[in-house]
Amino acid sequence: MERRPTRRVKLDDVAKHAGVSRATASLVVRNSNLITPETHERVRASMKALGYIYNHSAGSLRSQKTKTLGMVIADISNPFYAQLASGIEWACHQQDFLTIFADSAEDGERQGMIIERLIQHNVAGVFLSASGDRSAEDLAALGVAGIPAVQIMRHVEGRDVPYIGPDNIGGIQLGIDHVVELGRKKIAFLGGPPGKSSSEERLKGFKKGMARHKLKIRKDFVRSSSISRRDARDVALALLESSDRPDAIICYNDLMAFGAMLAMQRLGLTPGKQVALVGFDDIPESSLWTPSLTTVSIDARNIGRLAARVLLDKIANPHRTPRDIIVDAKLVVRESCGEQMAGQ
């Protein structure tokens, strides 16, 4: 009887068997001192049990320089990231670098797999908008492989990797300043998923803005949602169906503000009349809604171009220590806070 060939054991199999991420298994293969001895021993035992063999010739090929960069985006369904990617790609193209795009879809395990593949393809550098709680390991794996990286929009604490992103704290305060100037005092915050640096910073901005105006923060007025219209709509409905509803809502981003608008429409409310609404990002769609969305603009394409400049400089000058870049935010006033509807 003909014997069927046995499937080659992959690093994914080792990681699953050892109960670690793919990035951690990769670090063990490379004898990184960033991994604890206990984890080293467990992963090595899994390699032996499964018969995993590291392909040293492939590793040798990875040491050769390329003109290819990896771009790992958290969620390409968000139009903001499409603009960000456009800015990165344009700037890289000017220097004859090709960008390989990958969407982690807010999945940490998927992100780890993408990072490992990029290492295997010996990319010259990586742009990372972090997803999941193992992002520090992914950045460490890139460091061990000698691949420079830049963090965009979100950052991992304690990693010596440059970060380029907006002034999240100051940007949210601009929105609060505006609705307070319009006479709103019962202000709610519809925040992003917890555990992300951008979510934490925008919540901090909300608290600082409220304190600056000596306004009380009601616990039931601070909510969070996944980054989608549908989930934000459902959370906003719970806020707005209360007899003591807020008279203004500051949102983590424009997509969530659109969800809040849908909730208002369902309840027969008009953004800018009964409730003022502020988004964040200023994606093109924000000017096209009815009413148009007041939002905090951070210029996604500019952030992408700046990130490309930092990464390309890091590749050309590996011993130079790059600095983080925090991009100023500005408020774009439209109809959803009611200014253009005054007197109607």
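A few points about this structure:
- Set of lysines near residue 208 by C-alpha distance (under 30 Å), chain-local residues within fewer than 8 positions excluded: 185, 186, 196, 216, 219, 273, 330
- Top of 38, 201, 109 by mean-square fluctuation, Gaussian network on the chain, Cα under 10 Å: 38
- When the alpha-carbon atoms of segment 271-343 are used, the pair Rg, Dmax equals 17.8, 61 angstrom.
- GNM flexibility winner over the chain from 273, 16, 208 (Cα, springs under 10 Å): 16
- Leading residue at positive end of dipole, the chain (Cβ point charges), from 260, 242, 95: 95
- Converting phi to 3J(HN,Hα) with the Karplus coefficients 6.51, -1.76 and 1.60 and the offset θ = phi - 60°, segment 258-274 yields 4, x, 5, 4, 4, 5, 4, 4, 5, 8, x, 9, 10, x, x, 9, 6 Hz in sequence order, with x at every glycine or proline.
- Percent of Cα-Cα distances greater than 39 Å, calculated over the chain: 26 percent
- For segment 148-240, the fraction of alpha-carbon pairs in successive 10 Å shells from zero, as %: 15, 41, 32, 10, 1
- Considering only 315, 172, 187, the Gaussian network model of the chain with Cα springs below 10 Å gives its largest mean-square fluctuation to 315.
- Measuring nothing but how far apart in sequence close Cα pairs (under 8 Å, 6+ apart) lie, relative to its length, the chain scores a relative contact order of 17 percent.
- Distant-in-sequence amide H partners of residue 164 (H built 1.01 Å from N, under 5 Å): 151, 152, 153, 325
- Taking a straight Cα-Cα cut-off under 29 Å and skipping sequence neighbours fewer than 8 places away in the same chain, the lysines within cross-link reach of residue 48 are 10, 16.
- Between the beta carbons of residue 36 and residue 204, assuming R0 = 25 Å, the FRET efficiency works out to 0.20 to the nearest 0.05.
- Annotation for segment 89-185: trypsin sites (Lys or Arg not before Pro) lying in DSSP loop with at most 14 further Cβ atoms inside 10 Å of their Cβ are 185.
- For segment 141-152, 3J(HN,Hα) computed residue by residue from phi via the Karplus equation (6.51, -1.76, 1.60; θ = phi - 60°) reads 4, 5, x, 5, 6, x, 9, x, 9, 9, 8, 10 Hz, glycine and proline entered as x.
- Computed helical MRE - 222 nm, the chain, DSSP H runs ≥ 4 contributing -39500 (n - 2.57), nearest 500: -13500 deg cm²/dmol
- Inverse mean reciprocal Cα-Cα distance (Kirkwood Rh) of segment 128-169, Å: 10.6 Å
- Distance between the modelled labels on residue 100 and residue 328, one decimal in nanometres: 3.9 nm (7 Å Cα→Cβ projection).
- On the basis of the beta-carbon distance and an R0 of 30 Å, residue 316 and residue 121 show a calculated FRET efficiency of 0.90.
- Per-pair calculated FRET efficiency, R0 = 22 Å: residue 182 and residue 223 via Cβ, rounded to 0.05: 0.50
None of the figures in this text is laboratory data; all of them are computed from the coordinates on show. These numbers were taken from a predicted model, which means no experiment stands behind them. Positions of Cβ are generated from backbone atoms using ideal geometry, with glycine treated the same way; all protein chains shown enter the neighbour counts.
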